[in-house]
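The values are calculated or read from the model by the stated rules, or taken from the named source; none is laboratory data. In this text the structure is predicted, and so the values were computed from the model without any measurement. Quick reminder, even Gly has a Cβ in these numbers, built from the backbone with ideal geometry, and neighbours come from all protein chains shown. Just the protein is used for accessible areas: all its heavy atoms, side chains included, with ligands, DNA and RNA removed. Shrake-Rupley method; radii C 1.70, N 1.55, O 1.52, S 1.80 Å.
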Amino acid sequence: MKKFDVEITETLQRTVSVEATTREEAERIVTEAWNNEDYVLDSNDFVDVDFKTVGEQELFKAKGLDALLVQPGMYPQKVTIGTELKDYQDAVCGTIAASYPFDDPVAIVYNDEGKLTGLPLNRALRDDHGQMYDAVAGTFLVVGNGEEDFVSLSPELAQKYEKHFHQPEAFIKLGKRLLVVPVPDEAVQSAEPKAHTKPPAEHDR
């Protein structure tokens, strides 16, 4: 699909009669009268129209927004989602909220009621000293933060935050403390459905 700029040129024409001694004087009289708006041409004076393409450009249909989907117990996934509110809500399974815990132009879009509804804790948020100050409950998205709305993550930021949130975490309650430990690779859930193999049939001996 392309966008074209088409120039429309309409020609208006009217003949008026004036008294003068020369052609030049007659044109000067009419010019001055036109400048003084004594003659105002309108649709009744229309004689011709011309259309001319003066520019064109390609239009690219937005396919969606590139983001990271971070689910409890899983490695982050690169995904492309729609940009409507419902698309974000579907991704995090509920009403959304956003936080901006990093210096980079990125946002975390999460389930606003995740902790209230008992969704599993997903990833810890840490300060500059590596100390946890909060945790995100349930699935969340990492998206780019534009001037007015969320935007696609750049490849560099996608790589950076895939690494940042790469290892799933387990949260263990020890009295009033919450211990956060990385989930071993062998225990990480796969985002793809596991193939179920049919057990071999027993044969009569």
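Simple spin-label model, 7 Å along Cα-to-Cβ: Leu179 to Asn36 in nm?
Here the answer is 9.9 nm between the modelled labels.
Can you work out the PRE-style zone for Asp103? Point 7 Å along Cα to Cβ, and I want the residues of segment 116-139 with backbone N under 13 Å.
128-129, by backbone N distance to the label point.
By per-residue mean of other Cβ atoms within 10 Å, what is the highest-first order of 134-144, 89-99? Don't skip to the answer; put the middle values down first.
Working: 134-144: 21.8, 89-99: 16.0.
Put in order of decreasing packing, that is 134-144, 89-99.
Per residue of the chain, what 222 nm ellipticity follows from adding -39500 (n - 2.57) for every DSSP H run with n ≥ 4, rounded to the nearest 500?
Dividing the helical sum by the residues of the chain leaves -4500 deg cm²/dmol.
Counting alpha carbon pairs within less than 8 Å and at least 6 residues apart, what relative contact order, in whole percent, applies to segment 40-140?
21 percent.
Relative contact order of segment 127-183: what whole-number percent is it, with Cα pairs under 8 angstrom and at least 6 residues apart?
Worked out over segment 127-183, it gives 18 percent.
For Arg14, what charge total do you get from the other residues with a beta carbon under 13 Å from its beta carbon, if Lys and Arg give +1 and Asp and Glu give -1?
-3
For the chain, with a Gaussian network of springs between Cα atoms less than 10 Å apart, report the residue from Asn122, Asn36, Asn111 with the top mean-square fluctuation.
Sorting by GNM fluctuation, first place goes to Asn36.
Rolling a 1.4 angstrom probe over the protein chains, ignoring ligands and nucleic acids, what is the accessible area of Phe150 in square angstrom, nearest 10?
Here the accessible area works out near 40 Å².
Could you give the accessible area per residue of the chain, probe 1.4 Å, as a whole number in Å²?
In whole numbers, the chain has 76 Å² accessible per residue.
Largest first and in whole Å, what are the equivalent-ellipsoid semi-axes of the chain based on the Cα gyration tensor, each being the root of 5 times an eigenvalue?
Working: eigenvalues 1000, 116, 40 Å².
Equivalent ellipsoid semi-axes, largest first: 71, 24, 14 Å.
How about segment 1-73: which trypsin sites (Lys or Arg not before Pro) there are in a DSSP loop, with at most 13 other Cβ atoms within 10 Å of their Cβ?
Working: sites: Lys2, Lys3, Arg14, Arg23, Arg28, Lys52, Lys61, Lys63; in loops: Arg14, Lys61, Lys63.
Here the trypsin sites (Lys or Arg not before Pro) that fit, given the DSSP loop and packing criteria, are Arg14, Lys61, Lys63.
When N counts the residues of segment 73-188, how does its alpha-carbon radius of gyration compare numerically with 2.2 N^0.38 Å, as a ratio?
With N residues counted in segment 73-188, Rg over 2.2 N^0.38 Å equals 1.07.
When only C-alpha pairs under 8 Å and at least 6 residues apart count, what is the relative contact order of segment 83-155, in percent?
Once normalised by length, the contact order is 28 percent.
Once both labels are modelled 7 Å past Cα along the beta-carbon direction, what's the Val16-Arg126 spacing in nm?
Here the answer is 8.3 nm between the modelled labels.
Cα-based Rg of segment 29-89 per 2.2 N^0.38 Å, rounded to two decimals?
For segment 29-89, the normalised Cα radius of gyration is 2.79.
Mind ranking Ile172, Ile81 by accessible surface for me, highest first, 1.4 Å probe?
Ile172, Ile81
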